[in-house]
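Below is one structure, written out as structure tokens; comments come after it.
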Amino acid sequence: RKEVEQDPGPFNVPEGATVAFNCTYSNSASQSFFWYRQDCRKEPKLLMSVYSSGNEDGRFTAQLNRASQYISLLIRDSKLSDSATYLCVVRRGYSTLTFGKGTMLLVSP
Amino acid sequence: GAGVSQSPSNKVTEKGKDVELRCDPISGHTALYWYRQSLGQGLEFLIYFQGNSAPDKSGLPSDRFSAERTGGSVSTLTIQRTQQEDSAVYLCASSLPARGSTDTQYFGPGTRLTVL
């Protein structure tokens with residue numbers, strides 16, 4: 001089983017739609033969780049950290065379920081500029097990050 | 001301020017040649033990471049430097065891969081006797097680790113390596 005698994009998509013949604021991505025991780029010792037965004041042929045950039053209590057940043061909401069080892073990202077009111085690949089990322093302690101392969105989002109007019 | 005920079009941005013080489021990829025981290029960042037991303041694949045961890053500690057080389061795929069970090073700043077990733085399966089984008093990231101494990105890794109633009 002891969003350490004971090006994501007549905008590769010693509011998710012095709014119209015502008016203004018709400019879309020949710022899920023991610024599962026296999027290592028119960030994972031302690032830190034993140035969503036990164038990667039535009040085509042660009043480097044990954046941190047979108048948001050994911051906290052146990054769930055957290056929101058504008059149109060983006062992240063949730064963590066430690067019991068199910070499951071992370072989610074909800075995007076409300078999708079914009080064209082949200083089109084990108086969203087990478088689920090986990091880390092154990094102070095060790096390196098483990099990236100999922102990403103979920104591609106395409107927002108159309 | 002300046003972000004992570006990498007050079008070259010693109011490198012085309014012939015199978016069997018050696019290549020060197022360079023990474024300049026953000027000034028003051030003590031942690032430096034190398035990853036590679038093959039077409040359609042996720043990021044694969046290669047090596048991690050933290051301050052003066054021994055590097056974590058657990059992700060290097062073979063002994064043809066090595067990396068150095070001189071003076072705690074610039075890093076060079078060397079691939080000897082390149083193979084076609086080494087073709088990928090090689091990404092460098094740096095961070096300023098802090099207790100609480102919420103340090104952010106900032107990525108460079110990557111070096112796209114093509115082995116013919």
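Summary table
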quantity	calculated
Theoretical FRET efficiency, 1/(1+(r/R0)^6), r = Cβ-Cβ of B:Glu44 and B:Arg81, R0 22 Å, to 0.05	0.65
Solvent accessible area, Å² - A:Val4, 1.4 Å probe, full protein context	10
Table column - 3J(HN,Hα) (Hz), the range B:20-29, Karplus curve with 6.51, -1.76, 1.60, x for Gly and Pro	10, 10, 10, 9, 10, x, 5, 4, x, 6
Contact order normalised by residue count of chain B, Cα under 8 Å, 6+ apart, percent	37
Proximal lysines to A:Lys2, defined as alpha-carbon separation beneath 16 angstrom and excluding residues fewer than eight positions away on the same chain	A:Lys101
Sequence of B:Phe65, B:Phe45 from largest to smallest accessible area, 1.4 Å probe	B:Phe45, B:Phe65
Net charge over other residues, Cβ less than 12 angstrom from the Cβ of B:Arg36 (K, R count +1; D, E count -1)	-2
Shape call, the range B:41-97: gyration tensor on alpha carbons, a/c limit 1.5	prolate
Candidates B:Leu96, B:Leu21, B:Leu77, ranked by Gaussian network fluctuation over chain B, Cα under 10 Å, top entry	B:Leu96
Rounded Å value of the spacing that divides the Cα centres of the range A:1-49 and the range A:59-109	3
Under Karplus coefficients 6.51, -1.76 and 1.60, residue-wise ³J(HN,Hα) of the range A:50-58 in Hz, glycine/proline x	10, 9, 4, 7, x, 8, 10, 9, x
Candidates B:Ser58, B:Ser95, B:Ser38, ranked by Gaussian network fluctuation over chain B, Cα under 10 Å, top entry	B:Ser58
5 angstrom amide H check on B:Gly110, placed H, neighbours 5+ away	B:Gln6, B:Cys92
Modelled FRET efficiency - R0 35 Å, A:Arg41 with B:Asn52, Cβ distances, 0.05 increments	0.50
Magnitude of the charge dipole, the range A:1-64, Cβ model with Lys/Arg +1 and Asp/Glu -1, debye to 20	160
Unit charges on C-beta of K, R, D, E only; dipole of the range B:11-116, Debye	80
Candidates B:Glu85, B:Glu44, B:Glu68: whichever shows maximal mean-square fluctuation once chain B is modelled as a Gaussian network with Cα springs under 10 Å	B:Glu85
12 Å beta-carbon shell around A:Val90, net charge (K/R +1, D/E -1)	+2
Chain A shape via C-alpha gyration tensor axes, a/c threshold 1.5	prolate
Globularity index of chain B, i.e. its alpha-carbon radius of gyration over 2.2 N^0.38 Å	1.02
For the protein assembly as shown, cysteines whose Cβ has no other cysteine Cβ within reach (under 4.7 Å)	A:Cys40
Only Lys, Arg (+1) and Asp, Glu (-1) charged, at Cβ; the protein assembly as shown dipole about Cα centre in debye	160
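The values are calculated or read from the model by the stated rules, or taken from the named source; none is laboratory data. If you're wondering where the values come from, they're calculated on a predicted model, not measured in any experiment. We place every Cβ from the backbone using ideal geometry, glycine too, and count neighbours over all the protein chains shown. Each accessible area value is taken on the protein alone, full model and side chains, heavy atoms only, with ligands, DNA and RNA left out. Shrake-Rupley method; radii C 1.70, N 1.55, O 1.52, S 1.80 Å.
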